[in-house]
Amino acid sequence: MAMIAAQCPDINVTVVDLDAARIDAWNSDRLPVYEPGLHEIVIAARGRNLFFSNDIDSGIRDASIIFVSVNTPTKSYGIGAGSASDLTNVELCARRIAEVANGHKIVVEKSTLPVRTAESLKRVLQANTNGYKFDILSNPEFLAEGTAVADLQTPDRVLIGGDDTRSGQLAIQALASVYARWVPRERILTTNLWSSELSKLVSNALLAQRISSVNALSALCEVTGADVDEVTFAAGKDSRIGPKFLKASVGFGGSCFQKDILNLVYLCRHYGLDEVANYWEQVVTINTWQKTRFVRRMIDTMFNTIAGKRIAILGFAFKKDTNDTRASAAIDVCRALLQEKARLAIYDPRVRSSVILKELADVTGLSPSELEKCIVCEPDPYCAAAGAHALAVLTEWDEFKELDFELIYRSMKKPAFAFDGRNILPHALMRGIGFDVKAIGKSLSTGATVPAESLEGISA
Ligand code: UGA
């Protein structure tokens, strides 16, 4: 919404939410999310044509186009628990719009939703007693956290799905004309509602599938002596495969991939397509396995016991350049290490310690005083490493690549282990210092053979 406001000064954009604290934060100097470049855009437009308010009803009445952008987490109860999407918030929005709207509105599904949600939305909206007409559009969001501003500024595509009726087509054109202020027309795709809804799930499923494919192969690389960075570099040179999104890791995280794949799996089962459901479910299974495998390797390497050992956790966010920890691989890894009675010294440049402790309290069930005995959040990587038996890199923050590893090595217990869950550390340099480095998809015996950076110069 901030990007629309920034690009279209003549359009008023009002963001409304029930959560007063959140709206206050959006109106303050400390925005509730960290996202590079977002602060500048919000500050430039806020008060001019970008407003944040708790007055939901006025927001609905004043708008011609309403974006429903509420969260749709995986259901934690009842039918479909653990895989279906919880649509409570979406339905509540539709009911509120139906109740207070004062004329025709275009209602846009911005939240990620199961296919055919628009059908339910239509029924709820059309059941309004005032006789007003609504057009429903699907306009899924494809931005990634950490690069959101650039992704919105120059999107690969904008997708708008709508009904094949005159009024549906007019609604599509109305929304397309907003994006067309800064997005080239050929990148604005229009489809029917169901294609648009499904494309969002499919895009995330295909992206996550690439990561699980590479992570599955990383295990094969480790036992055969192949190097996963060399293998993906070679495979990615094929223009049909392409080089992006092939980075082996401790596992994908974030609020979207697992949720959206489980949603897809649920849909397939709903339609009796069990083989299709089983196929996509494997993407999540491999991701869970990769996290478990990482922890097992740590334990095996550290003489089969980590009880009482201090381990420095570098990075807690689900990826770099965000303070978002939702479904971060770090949560599962830390939980497993705590189960083995390790002591954790955690550092993340952007995630507040209160958030780290809350996430770990939620998954371990430990009380704050119990957590304090086994976890400490440190202000920098050097404090985290001091006295530690091992480093574990769980988020690919750039600052971890250029630490003073001599200094860190001297402050650690020996042998000093480093487990690189993101393959970003300078492995050769660290081995030279004396570290025992273990990295994803690198030979179990010797580790990396060629640093990833030097691959750039290799030609076919
Ligand atoms: C993802 C999609 O990339 C966006 O297109 C989509 O709009 C968004 O979900 C959404 O549905 O809202 P996001 O989860 O913000 O975006 O971040 P990604 O860059 O996709 O990373 C997801 C996870 O995969 C992270 O944990 C990341 O570290 C991991 N990853 C990514 C890898 O392990 N390897 C890679 O090569 C790429």
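The values are calculated or read from the model by the stated rules, or taken from the named source; none is laboratory data. Everything quoted here is computed from the prediction, not taken from an experiment. Please note: Cβ atoms are built from the backbone with ideal geometry, for glycine as well, and neighbour counts cover all protein chains shown. With ligands, DNA and RNA removed, areas are computed over all heavy atoms of the protein, side chains included. Shrake-Rupley method; radii C 1.70, N 1.55, O 1.52, S 1.80 Å.
Grab the Cα-Cα distance for Arg240 and Leu31, subtract it from 0.36 nm times how many residues apart they are, and report the gain in nm with one decimal.
Roughly 71.2 nm would be gained on extension.
Measuring against 18 Å, Cα to Cα, the residue pairs Lys319/Lys442; Lys341/Lys373; Lys291/Lys358; Lys200/Lys259; Lys373/Lys414; Lys320/Lys414 contain Lys319/Lys442; Lys291/Lys358; Lys373/Lys414; Lys320/Lys414 as the ones spanning a longer distance. Using the Cβ-Cβ distance between Lys373 and Glu119 with R0 set to 45 Å, the FRET efficiency works out to roughly 0.30.
Pop out the carbon and sulfur fraction of the accessible area of the range 44-123 as a percent, whole number, probe 1.4 Å. Don't skip to the end; give the middle numbers.
Details: 1880 of 3770 Å².
Of all accessible area on the range 44-123, carbon and sulfur atoms account for 50 percent.
Sparsely packed loop sites in the range 27-109 (the trypsin sites (Lys or Arg not before Pro) outside DSSP H, G, I, E and B with at most 16 other Cβ atoms within 10 Å) comprise Arg30, Arg48. Taking the longest Cα principal axis of the chain as reference, the axis of helix 353-364 is set at about 90 degrees. The apolar share of the surface of the range 351-433, taken as the fraction of accessible area on carbon and sulfur atoms (1.4 Å probe, ligands and nucleic acids excluded), comes to 55 percent. Multiplying the residue separation of Asp24 and Ala361 by 0.36 nm and subtracting their alpha-carbon distance yields 118.6 nm. Tell me, what is the FRET efficiency for Arg181 and Thr285 to the nearest 0.05, using R0 = 45 angstrom and their Cβ-Cβ distance as r? Given R0 = 45 Å and the Cβ-Cβ separation, E is 0.55.
Quick one: how many lysine pairs does the range 1-160 have with C-alpha atoms less than 17 Å apart and a gap of 8 or more or different chains? Give me the count, please.
Values: Lys105/Lys122; Lys105/Lys133; Lys110/Lys122; Lys122/Lys133.
Lysine pairs meeting the criterion: 4.
Taking amide H atoms as placed 1.01 Å from N in the peptide plane, the amide H of Ala439 lies under 5 Å from those of Asp420, each 5 or more residues away in sequence or on another chain.
Take the Cα gyration tensor of the chain, multiply each eigenvalue by 5, square-root it, and list the three semi-axes largest first, rounded to whole angstrom. List each step's numbers first, then the result.
Numbers: eigenvalues 365, 118, 94 Å².
Taking √(5λ) for each eigenvalue gives 43, 24, 22 Å, largest first.
Estimated from helical segments only, the mean residue ellipticity of the chain at 222 nm is -13500 deg cm²/dmol, where each DSSP H run of four or more residues counts as -39500 (n - 2.57). Its relative contact order, with pairs defined as Cα atoms under 8 Å and 6+ residues apart, puts the chain at 12 percent. Coupling constants for the range 208-218 follow from the phi torsions by the Karplus curve (6.51 cos²θ - 1.76 cosθ + 1.60, θ = phi - 60°), and in residue order they are 5, 4, 4, 5, 5, 4, 5, 5, 4, 5, 4 Hz; glycine and proline get x. Anisotropy class assigned to the range 210-314 is oblate, per the alpha carbon gyration tensor with a/c at or over the 1.5 cut-off and a/b no larger than b/c. Once the C-beta distance of Asp151 and Lys414 is scaled by a Förster radius of 56 Å, the resulting FRET efficiency is 0.80 to the nearest 0.05. Extension gain for Ser53 to Glu40 (0.36 nm times residue separation, less C-alpha to C-alpha distance): 2.7 nm. Round to the nearest 10 and give me the degree value, 0 to 90, for the angle of helix 117-126's Cα axis relative to the longest principal axis of the chain. Around 30 degrees separate the two axes. Based on protein heavy atoms only, the range 366-452 ends up with 42 Å² per residue of surface accessible to a 1.4 Å probe. Applying the criteria of a DSSP loop state and at most 15 other Cβ atoms within 10 Å to the trypsin sites (Lys or Arg not before Pro) of the range 156-185 yields Arg157, Arg181.
Where both partners of a DSSP beta bridge lie in the chain, what percent of those bridges are antiparallel, to the nearest 5?
Numbers: 3 of 42 bridges.
Roughly 5 percent of the beta bridges in the chain run antiparallel, per DSSP.
Straight-line cross-link partners of Lys401 among the aspartates and glutamates, defined as a Cα under 15 Å from its Cα and at least 8 positions apart when in the same chain: Asp321, Asp348, Asp380, Asp420, Glu453.
Keeping all protein chains in place and using 1.4 angstrom, which order do Lys414, Lys341, Lys110 fall into by accessible surface area, from largest down? List each step's numbers first, then the result.
Working: Lys414 105, Lys341 140, Lys110 25 Å².
In descending accessible area the options line up as Lys341, Lys414, Lys110.
Surface composition of the range 187-245: carbon and sulfur atoms hold 63% of the protein heavy-atom accessible area at a 1.4 Å probe. Annotation for the range 351-403 versus the range 147-161: alpha-carbon center distance of 34 Å. Taking chymotrypsin sites (Phe, Trp or Tyr not before Pro) across the range 250-350, the ones in a DSSP loop with at most 11 further Cβ atoms lying within 10 angstrom of their Cβ are Tyr271, Phe303.
Annotation for Arg431 and Gln169: the two label points, set 7 Å from Cα along the Cα-Cβ direction, are 6.4 nm apart.
State in Å² the accessible area per residue of the range 105-233; use a 1.4 Å probe, count heavy atoms of protein chains only, and round to the nearest integer. Provide the component values of the computation, followed by the final result.
Working: 5610 Å² over 129 residues.
That works out to 44 Å² per residue.
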